[in-house]
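Q: This structure is in C-alpha cells; I'll ask about it shortly.
The values are calculated or read from the model by the stated rules, or taken from the named source; none is laboratory data. If you're wondering where the values come from, they're calculated on a predicted model, not measured in any experiment. Cβ placement follows ideal geometry from the backbone for every residue including glycine, while neighbour counts extend to all protein chains displayed. Accessible surface areas use protein heavy atoms only, side chains included; no ligands, DNA or RNA. Shrake-Rupley method; radii C 1.70, N 1.55, O 1.52, S 1.80 Å.
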Amino acid sequence: MKEGHFYPADARTAEARLRYYATQFPLVEVDSTYYFPPSERNAVLWTERTPKDFTFNVKAYSLLTNHPTKLDSLYRDLREDLPDELLEKRNLYREQLPDTIVEEVWQRFRDALMPLHSAGKLGAVLFQFPQWFTISRRSKAYVVECMERLPDYRVAVEFRHRGWLEDRNRDETLGFLEEHDLPFVCVDMPQGFESSMPPVAAATARDLSMVRFHGRNVETWGAKSDTASDRFRYEYEQQELAEWVPGIREIAQQTRETHVLMNNCYRDYAVNNARQLGDLLEE
C-alpha cells in the first residue's frame, strides 16, 4: 500500500512505512509470507521496528495451505533435492513433494516465527485454505495437523468453500473448530461464488476471534489480475461497515481478544475503512 495519502512523503522504505504504521494501528497482517516463506531475520527486524505491544498476524505459506506454490519460492537448497519431473513444473503442491521436504518446510516456517513469538508480538498464524478445500474428514484432519505442527502458536482458520457454512454443515463446522479451540475467521467478501463464505459472526476459541474484510467487488473477485490489490479494489461505505458492528461486539464479548483486519488492500482503502470501523465500534 505505497499509493494513497496514508504514509508521510519521507516514508520511502519498508522500515519507515512499518514504523509509521505502528504509530497508527496496533495490529498488522503480513501477507508476503503466503508467497514466500518468512525468514528469521525479517521476524527479528519486525520485532525491533515496532512498539512493545504491537501485534503481527502472519499468513501461512501457500505450500502449507494446499495452494499452488511457485517453484522459485521454495528454499533453494530444498529445490535441489526435488525430483526432475517437479523441477520442470511452474507450481508445486504439498502432496507432490517428498515427506522429508514437507517436514523441513514446516520446521523452517516454525523457526522463522519464533522471534515474534518470543517477543510476544505474534498474534496468530492465518491458514486461509483454498476453494477446493471442501468439508470432509480428510480436510478436518489436516486442519488439526496444522494446529499440532505449530504447538507454540495460535492458528486461525479461514475457509474459502461455501460448503463449510451451508445450513446443513454450519453447526458441524463451528462445532469442530470449537472442539479444537481454533478461531474461525469471519469474513466479509463478494457473494455468489463457490468461494463465497456468508458474513457469519462466530467465536469458536476462548482467547481469539477474528474478522477479515475482503471487499465486495464482484467484478474483480473471479477475474485474473496482475496484482492481488486489483482483486480487493473496494472501499466500503460506512453503512456497510456498520452492518458488522453488532456481530463484532458480540464475538468480542466471548473472547479475550478480537482482531479485525481490512484486506481491501488497494491504495489507502484499507486504512481509511479501518479508521471508520474503529470509530463506529467506539460509538
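Q: If you go through region 10-56 one residue at a time, how many are in contact with a helix residue (DSSP H, G or I) (Cβ under 8 Å, 6 or more places away or on another chain), without any contact (Cβ under 8 Å) to a residue 12 or more places away in the chain and among the small types (Gly, Ala, Ser)?
A: Looking only at that region, the number is 1.
Q: Hey, does region 2-9 have a residue that's open to solvent by 40 Å² or more (accessible area, probe 1.4 Å), free of Cβ contacts under 8 Å to residues at least 40 places away in the same chain, under 17 Å from the mean Cα position of the chain (by Cα) and under 30 Å from Leu64 (Cα atoms)?
A: Residues of region 2-9 open to solvent by 40 Å² or more (accessible area, probe 1.4 Å): 2-3, 5, 7-9.
Narrowing further to those that are free of Cβ contacts under 8 Å to residues at least 40 places away in the same chain: 2, 7-9.
Filter once more, keeping what is under 17 Å from the mean Cα position of the chain (by Cα): none.
Within region 2-9, none of the residues are open to solvent by 40 Å² or more (accessible area, probe 1.4 Å), free of Cβ contacts under 8 Å to residues at least 40 places away in the same chain, under 17 Å from the mean Cα position of the chain (by Cα) and under 30 Å from Leu64 (Cα atoms).
Q: With the structure loaded, tell me whether Ser62 is at pLDDT 95 or above, open to solvent by less than 10 Å² (accessible area, probe 1.4 Å) and over 17 Å from the mean Cα position of the chain (by Cα) or whether it fails that test.
A: Details: at pLDDT 95 or above: yes; open to solvent by less than 10 Å² (accessible area, probe 1.4 Å): yes; over 17 Å from the mean Cα position of the chain (by Cα): no.
Criteria not met by Ser62.
Q: Right, here's the next one. Just to be sure before I move on: is Leu45 in a helix (DSSP H, G or I), modelled with pLDDT of 95 or more, aliphatic (A, V, I, L, M) and farther than 26 Å from Val185 by Cβ in the structure I sent? So that I can check it myself, show each step before the final result.
A: Numbers: in a helix (DSSP H, G or I): yes; modelled with pLDDT of 95 or more: yes; aliphatic (A, V, I, L, M): yes; farther than 26 Å from Val185 by Cβ: yes.
In short, yes.
Q: When residues of region 50-72 are filtered for being in a strand (DSSP E or B) and closer than 30 Å to Glu257 by Cα, how many remain? Break it down into steps so the answer makes sense when it comes.
A: Within region 50-72, the subset in a strand (DSSP E or B) is 55-59, 69-70.
Then keep just the ones that are closer than 30 Å to Glu257 by Cα; that gives 55-59.
Within region 50-72, residues that are in a strand (DSSP E or B) and closer than 30 Å to Glu257 by Cα number 5.
Q: Would you tally the residues in region 109-133 being surrounded by fewer than 17 Cβ atoms within 10 Å (Cβ to Cβ) and touching a Phe, Trp or Tyr at 6+ places or on another chain (Cβ under 7 Å)?
A: 0
Q: Filter region 259-283 down to the residues that are within 19 Å of the chain's Cα centre (by Cα) and part of a helix (DSSP H, G or I), then identify the one that is surrounded by the most Cβ atoms within 10 Å (Cβ to Cβ).
A: In this case the residue turns out to be Ala270.
Q: Scan region 29-54 for residues that are out of contact with any strand residue (DSSP E or B) (no Cβ under 6 Å at 6 or more places or on another chain) and closer than 23 Å to Gln276 by Cα and jot them down.
A: Asp53, Phe54, listed by residue number.
Q: Can you pull out the residues in region 19-49 that are open to solvent by less than 50 Å² (accessible area, probe 1.4 Å) and either over 29 Å from Pro130 (Cβ atoms) or of a type in the set (Ser, Thr, Tyr) (or both)?
A: Within region 19-49, the first condition is being open to solvent by less than 50 Å² (accessible area, probe 1.4 Å), and the residues that meet it are 21-22, 25, 27-31, 33-34, 37-39, 43, 45-47.
Across region 19-49, the qualifying residues are Tyr21, Ala22, Thr33, Tyr34, Ser39, Leu45, Thr47.
Q: For region 255-274, check the following and say yes or no: at least one residue is within 24 Å of Asp167 (Cα to Cα) and touching a residue at least 24 places away in the same chain (Cβ under 8 Å). Walk me through it before giving the result.
A: Initial filter on region 255-274 (within 24 Å of Asp167 (Cα to Cα)): none.
So far as region 255-274 goes, no, none of its residues is within 24 Å of Asp167 (Cα to Cα) and touching a residue at least 24 places away in the same chain (Cβ under 8 Å).
Q: Does at least one position in region 73-88 carry a residue that is touching a helix residue (DSSP H, G or I) at 6+ places or on another chain (Cβ under 9 Å), in a helix (DSSP H, G or I), of a type in the set (S, T, N, Q) and surrounded by 14 or more Cβ atoms within 10 Å (Cβ to Cβ)?
A: The answer is yes, given that some residue of region 73-88 is touching a helix residue (DSSP H, G or I) at 6+ places or on another chain (Cβ under 9 Å), in a helix (DSSP H, G or I), of a type in the set (S, T, N, Q) and surrounded by 14 or more Cβ atoms within 10 Å (Cβ to Cβ).
Q: Could you identify the single residue in His259, His180 that is modelled with pLDDT of 95 or more and within 19 Å of Val58 (Cα to Cα)?
A: Exactly one residue qualifies, and that residue is His259.
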